[in-house]
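To start, the structure itself, in structure tokens.
The values are calculated or read from the model by the stated rules, or taken from the named source; none is laboratory data. Since this is a predicted model, take the numbers as computed values, not measurements. Neighbour counts are summed over all protein chains in view; Cβ atoms, including those assigned to glycine, are modelled from backbone coordinates with ideal geometry.
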Amino acid sequence: MILYTPLAQSDIFPQASDDFSNRQCISVEGKSFYVEQQSDGSYMLLQLLSTDPADYMNEKYTPGSIIQ
Amino acid sequence: MNKDTEKKEEENQGQQQNSSALVQKIQQLGQSNVPQAPDSNIHVLTIIGQVEGHVQLPPQNKTTKYEHLLPQLIAIEQNPKIEGLIILLNTVGGDVEAGLALAEMISSISKPTVSVVLGGGHSIGVPIAVATSHSFIVPTATMTIHPVRLTGLVIGVPQTFEYLDKMQDRVINFVVNHSNIKEEKFKDLMFAKGNLTRDIGTNVVGTDAVDYGLIDGVGGIKEAMQKLNELISQNQKSENQVIQ
């Protein structure tokens, strides 16, 4: 199938919303994180939302680390 | 005997935990340790992807959510340990009112602010870039200046047109008031024909943005940090004078 259209791909093939339903913003130790909940109930850090450059140097807050 | 074996088992477990933490770290970053830095007096705000406003974008979009940034800006203003703010921009634009909200917040911070446009600072990225005390653009970065647009169903065309026209004036006024570009020049760039194939607008590259007076200087992180430290020391001097 070849599509020739000005529409965005996401308009033609809507993403299954449950793919992203386990993602949320949480606040831990006064810092905000964008996380994905794992099947075992723990959270995997996707993105750190902070303006402090030192937070990005903190090993605990590296993307992919597990919180709780 | 039993105690000895228990101890050994405990040690083994401890080693296993250590090695698994190391393996996890290598999986995350491809390296075993991250350099540590002392507390910084400069904070960094990144504006990446699309500026997300009233409408939540589909989750596969990378967005900067203004409701996350506004409280951070308040915290930066309030925290006495933070002396300066650096803003890194690589955005394709987005919601006009969310972008203007961010730009106004940044311009009204009392502490020195410096922005660096990296890659692209398009559309509503322009007011955010010029909102700071001093702005930089790297030579390869571009900024697209074009009229405000709207997609989707429009109910009440004349009213919506008026609203968009006023919204555009707000963007133009903000940029003109916070940079050295003349209103005429900015409008010329915004409504120029032939630069964006069949569309109106201009794609302004690094040094051109500085020539037009839109951005204060060409430079990267080194220049931005130098300027910010200079502004911080100026700010501290003036504060000391007030106390005396």
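Just the residues that are assigned to a loop (DSSP other than H, G, I, E, B) and of a type in the set (A, V, I, L, M, F, W, C), please, taken from the range B:186-197.
B:F191, B:A192
Please verify whether the range B:210-218 includes one or more residues that are of a type in the set (D, E) and in a loop (DSSP other than H, G, I, E, B).
yes
Identify, from the list B:D216, B:D211, the residue that is surrounded by 13 or more Cβ atoms within 10 Å (Cβ to Cβ), among the acidic types (D, E) and either within 20 Å of B:L102 (Cβ to Cβ) or more than 19 Å from the chain's Cα centre (by Cα) (or both).
That would be B:D216, the only listed residue that is surrounded by 13 or more Cβ atoms within 10 Å (Cβ to Cβ), among the acidic types (D, E) and either within 20 Å of B:L102 (Cβ to Cβ) or more than 19 Å from the chain's Cα centre (by Cα) (or both).
If I ask for residues that are in contact (Cβ under 8 Å) with a residue 12 or more places away in the chain, among the basic types (K, R) and in a loop (DSSP other than H, G, I, E, B), which ones from the range B:146-185 would you list?
B:K182
Restricting the search to the range B:119-133, which residues are out of contact with any His (no Cβ under 8 Å at 6 or more places or on another chain) and crowded, with 19+ Cβ neighbours inside 10 Å?
B:G121, B:H122, B:I124, B:G125, B:V126, B:I128, B:A129, B:T132, B:S133, listed by residue number.
What about B:T160, is it touching a His at 6+ places or on another chain (Cβ under 6 Å), in the same structural domain as B:G217 (by TED's automatic domain parsing) and either at pLDDT below 95 or within 21 Å of B:I200 (Cβ to Cβ) (or both)?
Here the answer is no, as B:T160 does not meet what is asked.
Which strands (runs of 3 or more DSSP E) sit wholly inside chain A and have at least 3 residues that are at positive phi, of a type outside the set (D, E) and surrounded by 14 or more Cβ atoms within 10 Å (Cβ to Cβ)?
none
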